[in-house]
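Okay, structure first, notes after.
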Amino acid sequence: MAPELEHSHEPDAIAARLAEGPKPNYLPDAVYGAIDGTVTTFAVVAGAIGADLSPRVVLILGAANLLADGFSMACGNFAGTRAAREYYAHLREREERHITADPDGERNEIREIYRAKGFTDTALETITRLITSRHEVWIDTMMVEEYGLSAAHRSPWQAAATTFTAFAAAGSLPLLPFVFAVPHATAVSTVATGVAFLLIGSAKSRWSARPWWRSALETFAIGMGAAIVAFIVGYLVEKIV
């Protein structure tokens with residue numbers, strides 16, 4: 001039996017799917033924000049606990065880190081995504097100028113690109129002629145093949161919002177036991193955070209070829225490792241100072 005396909009290959013379905021164009025991917029923003037939010041907030045909590053600070057101080061430090069670091073990450077992602085868009089626009093404008101000033105040279109670049117892919121003789125000349133006969137297709141091809149840049153433009157605002165939302169949502173988990181003053185808040189926070197690491201890691205594996213359990217354990221090890229380091233530092237500093 002043939003494996004189940006992710007989408008239909010009927011002509012109408014193909015046409016509709018291609019008409020939408022490439023879609024921007026914000027999954028890395030969500031994964032990075034969720035992991036970093038949980039890791040850094042729990043590290044602050046662990047460091048404060050290691051220094052034997054009161055639950056009130058733990059909550060203050062954790063909340064301050066959650067909002068400040070989340071905002072900083074979102075702003076950084078916004079700036080980086082906007083810079084990537086500006087870089088794409090700069091290179092595209094340069095290709096426009098090159099095609100206008102030296103079309104034969106740019107045509108030779110297309111020819112060499114497809115020669116490297118194994119096309120020769122008539123097939124090579126045909127594909128070169130077809131691509132360079134359509135101005136926008138010509139530029140799009142150069143952007144992908146020469147610079148490795150996709151036409152799927154990511155929104156700086158959406159990238160920043162995705163990062164901040166994931167950071168705040170995941171990063172709030174280590175703080176909730178202290179917010180509601182539950183008994184044994186430290187133990188509850190540790191267990192909740194560990195479960196969050198496992199869930200984030202296993203969810204991340206859905207978009208990779210790695211087994212879910214390996215991705216989950218990797219994320220768990222990273223997060224708990226950072227928390228252990230923070231706890232030791234907090235403990236040592238409290239003893240020294």
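The values are calculated or read from the model by the stated rules, or taken from the named source; none is laboratory data. Because the structure is predicted, anything quoted here is derived from the model rather than measured. Cβ sites come from the backbone with ideal geometry, for glycine too, and all protein chains shown count toward neighbours. Please note that ligands, DNA and RNA were not included when accessible areas were found on the heavy atoms of the full protein model with its side chains. Shrake-Rupley method; radii C 1.70, N 1.55, O 1.52, S 1.80 Å.
Here are the numbers for the structure shown:
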| item | result |
| --- | --- |
| Using θ = phi - 60° and Karplus 6.51 cos²θ - 1.76 cosθ + 1.60, couplings along region 50-59 (whole Hz; Gly, Pro as x) | x, 7, 6, 7, 6, x, 5, 5, 4, 5 |
| Percent RCO, i.e. relative contact order, over the chain, from Cα pairs under 8 Å lying at least 6 residues apart | 39 percent |
| Centre separation in Å (Cα based) which lies between region 62-112 and region 126-160 | 13 Å |
| Furthest towards positive pole of dipole, His184, Pro156, Gly201, structure part region 106-241, Cβ charges | His184 |
| Model label zone, Arg94; criterion: amide N under 11 Å from point 7 Å along Cα-to-beta-carbon; scope region 139-165 | 147 |
| Sum of side-chain charges, Glu109 neighbourhood, beta-carbon under 12 Å (Lys, Arg +1; Asp, Glu -1) | -4 |
| Over region 139-197: Rg over Rh, Cα atoms, Kirkwood Rh | 1.39 |
| Nearby aspartates and glutamates by direct alpha-carbon distance to Lys204 (threshold 14 angstrom, same-chain neighbours under 8 apart not counted) | Asp29, Asp36, Glu218 |
| Apportionment of accessible area to carbon and sulfur, region 93-140, percent (1.4 Å) | 51 percent |
| Whole-Hz ³J(HN,Hα) from phi, Karplus 6.51 cos²θ - 1.76 cosθ + 1.60, for region 174-180, glycine and proline x | x, 8, 4, x, 7, 4, 9 |
| Angle between the chain longest axis and helix 103-116 axis [Cα atoms, degrees, rounded to 10] | 70 degrees |
| Rounded to 10°, Cα long-axis angle of helix 121-132 versus longest principal axis of the chain | 70 degrees |
| Helix 135-147 vs. the chain, principal-axis angle (Cα, 0 to 90°, nearest 10) | 50 degrees |
| Helix-only [θ]222 nm of the chain, DSSP H runs n ≥ 4, -39500 (n - 2.57) each, per residue, nearest 500 | -27000 deg cm²/dmol |
| By accessible area with a 1.4 Å probe, ligands and nucleic acids excluded, highest first: order of Ile232, Ile139 | Ile232, Ile139 |
| P(r) histogram, all alpha-carbon pairs of the chain included - 5 Å bins from 0, percent | 1, 6, 10, 11, 11, 11, 10, 9, 8, 7, 6, 4, 3, 2, 1, 0 |
| Cβ charges +1 (Lys, Arg) and -1 (Asp, Glu), total dipole of region 63-204, debye | 560 debye |
| Inter-site label distance for Ala101 and Tyr147 at 7 Å from Cα along Cβ, in nm | 1.5 nm |
| Accessible area expressed per residue, region 1-137, with surrounding protein chains retained (probe 1.4 Å, Å²) | 63 Å² |
| Of Leu173, Phe71, Val57, farthest towards positive along the dipole that unit charges on Lys, Arg, Asp, Glu beta carbons give the chain | Val57 |
| Highest-fluctuation residue, Ala101, Ala226, Ala68 considered, GNM on the chain with Cα pairs under 10 Å | Ala101 |
| Dipole magnitude of region 125-209 about its Cα centre (Cβ charges: Lys, Arg +1; Asp, Glu -1), debye to nearest 20 | 360 debye |
| Residues in region 151-191 reached by a label modelled at Ser208 [backbone nitrogen below 20 Å; 7 Å Cα→Cβ] | 163, 166-167, 170-171 |
